[in-house]
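The values are calculated or read from the model by the stated rules, or taken from the named source; none is laboratory data. Note that the structure is predicted; figures quoted are calculated from it, not measured. Cβ atoms come from the backbone with ideal geometry, glycine included; neighbour counts cover every protein chain shown.
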Amino acid sequence: MSRMGHLGILKRATVVACALVMVSTSTAQAEVDVLEGQPSIRNKQLYLEGRHNISVWFGSTVNDDYVHNLIGGLSYRYFLESWFGLGLDVAGGFGADTELTGAINKQLSLGQETFALSTSTLRLLLHATAEIVPFEGKFMIFGAEARIDFHLTLGVGVALAAGTGKLETEFGVMPVAGVGFRFFPSDWIAIGFDARDYIVQRVLASPRSGPIPGSEFGNNWLLSLSIQFFFPTEPEIRP
């Protein structure tokens, strides 16, 4: 084949290639135009947005010096968005002496006289709460699909620290911060796990003799398990 024949074939191939590129570009642009402004997920179930959440929970503080706080409570949330909810938490508890307190009491008890270290317990917790949900999605458990979310908890309220012995019962301002997650075995029931820090101003303990130490803010780390109920029981579906 002559050189001119080769050039003709090359020109025709170039024209065909350009035409294919233009067609594919036009098709891609048409698809973009159709999808423009459309939601990234269709028929999404709104497990949080627009729903009320009532939780029953129980937990215990950890790494305590003198008294473990066993606490149970109720929480309410209303989720304005899938990532943001507001609510109220109320809880009550009682204390159980740690091994350190037991050892101190035993060591300082003399003869018939029993020594008891004066301690304080978190008796009542009440705080307004904001819940931020940075992630929610699906996962598989035992071959079934379930929903899960991770959340951050921020709040402020008051705490009642009940004293024993010579320590008085006192109220104080209480900031709260925490993290947690929950999964939905059904559309309206969830199981949650949370770790929170209740920052309370109080006197942890005081010996029988000598002045009472000054109260100060301290961390009270609480781990809790909850069962949560969502209303309406059927989540809304966003088209």
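Here are the numbers for the structure shown:
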{"read-out": "Residue check for Ala205: among the aliphatic types (A, V, I, L, M) and within 18 Å of the chain's Cα centre (by Cα)", "value": "no"}
{"read-out": "Every pair of residues 6+ apart whose Cβ atoms lie under 8 Å, when the first sits in region 64-83 and is more than 27 Å from Gly165 (Cβ to Cβ) and part of a loop (DSSP other than H, G, I, E, B) while the second is modelled with pLDDT of 95 or more and among the β-branched types (Val, Ile, Thr)", "value": "Ser82/Val133; Trp83/Ile132; Trp83/Val133"}
{"read-out": "Candidates Gly218, Gly192, Gly157, filtered to the one that is in a strand (DSSP E or B), more than 20 Å from Thr98 (Cβ to Cβ), touching a Lys or Arg at 6+ places or on another chain (Cβ under 9 Å) and of a type outside the set (A, V, I, L, M, F, W, C)", "value": "Gly192"}
{"read-out": "Residue, nearest to Gly85 (Cα to Cα), within region 132-163, restricted to residues that are surrounded by fewer than 18 Cβ atoms within 10 Å (Cβ to Cβ) and among the β-branched types (Val, Ile, Thr)", "value": "Ile132"}
{"read-out": "Subset of region 102-134 that is of a type in the set (Gly, Ala, Ser) and more than 17 Å from the chain's Cα centre (by Cα) - its residue that is modelled with the lowest pLDDT", "value": "Gly111"}
{"read-out": "Residue ID - surrounded by the fewest Cβ atoms within 10 Å (Cβ to Cβ), chosen from residues in region 212-235 that are closer than 29 Å to Ile54 by Cα and aromatic (Phe, Trp, Tyr)", "value": "Phe231"}
{"read-out": "Positions within region 132-182 being touching an Asp or Glu at 6+ places or on another chain (Cβ under 8 Å) and either without any contact (Cβ under 8 Å) to a residue 12 or more places away in the chain or closer than 20 Å to Phe231 by Cα (or both), in sequence order", "value": "Val133, Glu136, Gly137, Lys138, Arg147, Ile148, Asp149, Phe150, His151, Phe181, Arg182"}
